[in-house]
Amino acid sequence: MKIVCLILIYFGSAIPAFADQGMVVKEDICGTGNTLIETTDGWYVVAEHDSGVYLHEGNVVFGILKTTGLQKITRSDGESGLFYIEEYGSEIDDVFEELCD
């Protein structure tokens, strides 16, 4: 029984390590709810608000940011929302074009 509990604790604490971290650098671009996030490893992510909390410039966020599709993004205050990751890339100019489409 102890081994099972230790395995659950180990894997339960390892899951957040797979999340990306970033900071919102632009919010509500073109009035569409689109947000631009810069990750700590230098990627730029276009996220469109679907439901839940909104993101504001300067918010530190966590989630699976470099995978397109509907993703849960959590702010550093623990509040989260669903966002559609439309595009991500290493060059801000490339992803910025997607913001107003």
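The values are calculated or read from the model by the stated rules, or taken from the named source; none is laboratory data. Note that this is a predicted model, so its numbers are computed, not measured. Note that each Cβ is placed from the backbone with ideal geometry, even for glycine, and that neighbours are counted across all protein chains shown.
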Revision key, fill the gap. In region 33-77, anything more than 11 Å from residue 20 (Cα to Cα) and polar (S, T, N, Q) is listed as 34, 35, 51, 59, 68, 71, 76
Exercise for review: Keeping to region 39-61, report how many residues are crowded, with 17+ Cβ neighbours inside 10 Å, of a type outside the set (Ser, Thr, Tyr) and touching a residue at least 40 places away in the same chain (Cβ under 8 Å).
Suggested key: 4
Review point. In region 75-96, what residues are without any contact (Cβ under 8 Å) to a residue 24 or more places away in the chain and either farther than 11 Å from residue 44 by Cβ or part of a loop (DSSP other than H, G, I, E, B) (or both)?
Key: 75, 76, 77, 78
**Study point:** Qualifying positions in region 35-52 - in a loop (DSSP other than H, G, I, E, B) and not polar (S, T, N, Q)
**Key:** 41, 42, 43
Practice item. Would you mind telling me which numbered condition in (1) at pLDDT 95 or above; (2) surrounded by 15 or more Cβ atoms within 10 Å (Cβ to Cβ) residue 70 fails? Key: (2)
Revision key, fill the gap. Reported set for region 53-67 where residues are in a loop (DSSP other than H, G, I, E, B) and among the aliphatic types (A, V, I, L, M) is 53, 55, 64, 65
